[in-house]
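First comes the structure, then the notes that go with it.
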Amino acid sequence: MPDTAPAPVITIGDDAPPVVLQERRILGVPASTWPKVLMPLFVGVLALAVWEFLVRYNGIPAYILPGPLLIAQTMVTDWGTLSGSLWITLSISLAALAVAVLLGVSLSVLFAQSKWVELSFFPYAVILQVTPIVAIAPLIIIWVNDVKLSLLICAWIVAFFPILSNTTLGLNSADHNLLNLFQLYKATRFQTLLHLRLPSALPYFLGGLKISGGLSLIGAVVAEFVAGTGGSQSGLAYRILESGYQLRIPRMFAALFMISISGIVIFLCLSTLSHMVLRRWHESALKREN
Amino acid sequence: MSVADLTLDTAAQPAGRAARPVVSCRGVAKLFSNGTLALQNVDLDIGRHQFVSLLGPSGCGKSTLLRLIAGLGEASAGTIDWPDAAHDSTGAAQPSLSFVFQEPTLMPWASAIKNVMLPLKLAGVKPDEQRARAAEALRMVGLAAFENAYPRELSGGMKMRVSIARAMVTRPQVLLMDEPFAALDEITRFKLNNDLLELWHASSFTVVFVTHSVFESVFLSQRIVTMAARPGRVIADMDVTAPYPRAADYRTSPLYNAHCKRASEALEQAMGHALGAH
């Protein structure tokens, strides 16, 4: 992940010009970032090597546990089918995340406008969250004729709550003195929301978004397991089910890997987004030297 | 010792109490919902272009009084009048005032200049003018080079300067300051004291300055209103006759010492009152 934090500014007294500390860069990436990338990569490669060795050394058959090389090979040979399914799973997850953001933020803004609205509706959001998605998924699949849409609804239910609850918390966490200041300058409700409450809520929202990003993928996969529908329009979860029935275990692992990697990519994208947005001001994105 | 003993030479301040006040508190009381009587029967007139300090031990209601003057919260009894201020259709006064909190209270997500532009933005001033006036205010507090710095990149003293620039950008008639320098180190505090006096001396606004420091109040103000706790009330009102401009040499002058002694006595009296109430 590229580290784009600005060089720290050191100020000496009030009037001295700032001294800028330049960090050494290797291939355009700050030197301190390299270990963060290389160390986990090294551990990963080592683990894969041990796995491959154990599978070969013990002669474990591929229908019990395939080695990573065979899985990679399967991923290449079955890419046609798998990439189509990957695209379907990803599009459902991302659409669910987008709807979760839209509705979560709108609803929390509504909650922030009135304590009564929040008191009345928040418990139902909690009910939506605590009811296991596998238990509601069959109902949704029965009610909604379109499979893709029903999967999207399931993924949305799972992804929705962290955004709603975090953003609501953030909107209510605006600095009390700043609220007084806005009151002093006769700010309207809308001005206070736009210039104070929403920016205050941003770090909380981004925290919720990181959780929801992973959850929307999990929701999409779990719902598809329940739906269990086949055909050309099926996602990665169905590929896993299908491979299980057909005892094509390497393909099962390949699909599993693709789900994990998708989750990691979503997380990294959202972390980068969060870092880019907060890097100039929020504690979570600051580098400290003490 | 009575209040009269503490008040020296009222006649030497013709522009002070005798003139038509900017703000006038009559019988102001504040009872909090938890039952604390924070203020009781406070009468206070503050004249145009005065520099008044509210001095007192913690819990004497000086910050509460300042907040009531600012219009943050309602007095439980009494009136706060602004004889010369504009009044809106409901008859509520619309005084031109600014408030500086004990903390810099900056928006961490906005650069220094954006923070200073805020009051103008909320008032619907055109963006070009917002920027120009905010830049001017930052220049006034010596931070012209830090327009684009974010609050976290600034030292404590610089943040407070930005906060003062934000208060000054609307060109208020009254500047209310709630222990603004209490959290700063002494060197920074002295420097900000000097700069604040220069700003005040160069223009025509009124300052009401809450502090618990005798030395700060004597250095800055023309008039020190001492308050006692439980219940919060005014117990002494003294003039500080030293002429302006006041600079570093004033801090070491016998006159400064004499005023500090009197202010300390008033403060001790305030503490005595509080203890007596127990």
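Just so it is clear, none of the values below were taken in a lab; they were calculated from the coordinates. These figures come from a predicted structure and were not determined experimentally. Counting neighbours? That spans all protein chains shown, and the Cβs are built from the backbone with ideal geometry, glycine included.
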C-alpha center-to-center spacing [segment B:116-136, segment A:191-220] in angstrom: 29 Å
Histogram of C-alpha separations across segment A:77-207, 5 Å bin width, %: 2, 10, 15, 17, 16, 12, 10, 7, 5, 4, 2, 1, 0, 0
Average beta-carbon neighbours from other chains, 10 Å sphere, peptide B:141-154: 3
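Contact order normalised by length for segment A:120-257, with contacts defined as Cα pairs under 8 Å and 6 or more residues apart; what percent is it?
On the way: 138 pairs, mean separation 38.4, N = 138.
It rounds to 28 percent for segment A:120-257.
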Reachable aspartates and glutamates from A:LYS148, criterion Cα separation under 19 angstrom, eight or more residues apart if same chain: A:GLU224, A:GLU242
Chain A, helix-only ellipticity at 222 nm - DSSP H runs n ≥ 4, -39,500 (n - 2.57), divided by all residues, nearest 500: -24000 deg cm²/dmol
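I need the fraction of alpha carbon pairs in segment B:105-171 separated by more than 13 Å, rounded to a whole percent. Display every interim value, and only then the final one.
Values: 1185 of 2211 pairs.
Beyond 13 Å sits 54 percent of the P(r) for segment B:105-171.
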Computed helical MRE - 222 nm, chain B, DSSP H runs ≥ 4 contributing -39500 (n - 2.57), nearest 500: -11000 deg cm²/dmol
Isotropically averaged projected area of segment A:146-284, using the convex hull of Cα atoms (one quarter of hull area), nm²: 10.6 nm²
Two-decimal Rg to Rh for segment A:163-221 - Kirkwood Rh, Cα set: 1.17
Within straight-line cross-link reach of A:LYS36, aspartates and glutamates at Cα separation under 14 Å, skipping those fewer than 8 residues along the same chain: A:ASP3
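Using the Cα centre of segment B:105-171 as the reference point, and only Cβ charges (+1 on K/R, -1 on D/E), how large is the resulting charge dipole? Debye, rounded to the nearest 20. Don't skip to the end; give the middle numbers.
Working: 11 positive and 5 negative charges, 26 e Å.
Dipole magnitude for segment B:105-171 comes out near 120 debye.
Let me know the volume per residue of the alpha-carbon convex hull for segment B:66-127, in Å³. Write out the running numbers ahead of the final one.
Working: hull volume 8.1 nm³, N = 62.
For segment B:66-127, the hull spanned by Cα atoms encloses 131 Å³ per residue.
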Crossing angle, helix B:112-122 versus chain B [Cα axis fit, 0-90 degrees, rounded to tens]: 80 degrees
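When you look at the Cβ of every residue in A:185-192, what mean number of other chain Cβ atoms sits within 10 Å?
Across A:185-192, the average partner-chain Cβ count within 10 Å equals 3.
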Per-peptide average of other Cβ atoms within 10 Å, ordering B:174-182, B:128-136 highest first: B:174-182, B:128-136
Among A:37-47, A:163-173, the order from most to least packed when residues are scored by Cβ within 10 Å on average: A:163-173, A:37-47
Cα-centre dipole for the protein assembly as shown with unit charges at Cβ (Lys and Arg positive, Asp and Glu negative), debye to 20: 740 debye
Relative frequency of Cα-Cα separations exceeding 18 Å in segment B:162-205, percent: 26 percent
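Specify, per residue and in Å³, the volume enclosed by the convex hull of the alpha carbon atoms belonging to chain A. Could the numbers behind the result be given before it?
Numbers: hull volume 54.0 nm³, N = 290.
It comes to 186 Å³ per residue, whole-number rounded.
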Under 28 Å from B:LYS159, Cα to Cα: lysines that are on another chain or at least 8 residues apart: A:LYS186, A:LYS287, B:LYS62, B:LYS114, B:LYS121, B:LYS126, B:LYS191
Projected-area mean, the protein assembly as shown, by convex hull of Cα positions, square nanometres: 35.5 nm²
Highest-first arrangement of A:67-75, B:197-205, B:61-69, where packing means the average Cβ count within 10 Å: B:61-69, A:67-75, B:197-205
Helical segments meeting 27 Å axial Cα length and Kyte-Doolittle 0.0 threshold in chain A (DSSP H): A:34-58, A:79-113, A:147-171, A:198-227, A:249-278
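In peptide A:175-183, how many Cβ atoms from other protein chains are near each Cβ within 10 Å, on average?
Working: counts 6, 2, 9, 7, 2, 8, 15, 3, 4.
Counting Cβ atoms of other protein chains within 10 Å of each residue's Cβ and averaging gives 6.
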